[in-house]
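Below is one structure; the comments refer to it alone.
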Amino acid sequence: MDDLNAILEPGMLVTHPAQPDWGVGQVQSNIDGRVTVNFPDAGKVVIDSSRIALIPQFSRP
């Protein structure tokens, strides 16, 4: 499986496909398949990118 999160860079906006209530988060880091995202309603969360494909957002909803 390709790592779809490999394109994510600090500052990019994303949503979590299984947690839409977390809101639009900002990528803090993407290191060795571990993406740290700061979500407005969940705080800082580390995502294993081999298990979850975050959804890039190109504008705030």
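Restricting region 19-28 to residues that are out of contact with any strand residue (DSSP E or B) (no Cβ under 7 Å at 6 or more places or on another chain) and in contact (Cβ under 8 Å) with a residue 12 or more places away in the chain, the residue that is surrounded by the fewest Cβ atoms within 10 Å (Cβ to Cβ) is Asp21.
Among residues of region 29-51 being surrounded by 15 or more Cβ atoms within 10 Å (Cβ to Cβ) and of a type outside the set (Val, Ile, Thr), the one that is modelled with the lowest pLDDT is Ser49.
The values are calculated or read from the model by the stated rules, or taken from the named source; none is laboratory data. Every value quoted in this text rests on a predicted model; they were computed, and no experiment measured them. Positions of Cβ are backbone-derived with ideal geometry, glycine not excepted, and every protein chain shown enters the neighbour counts.
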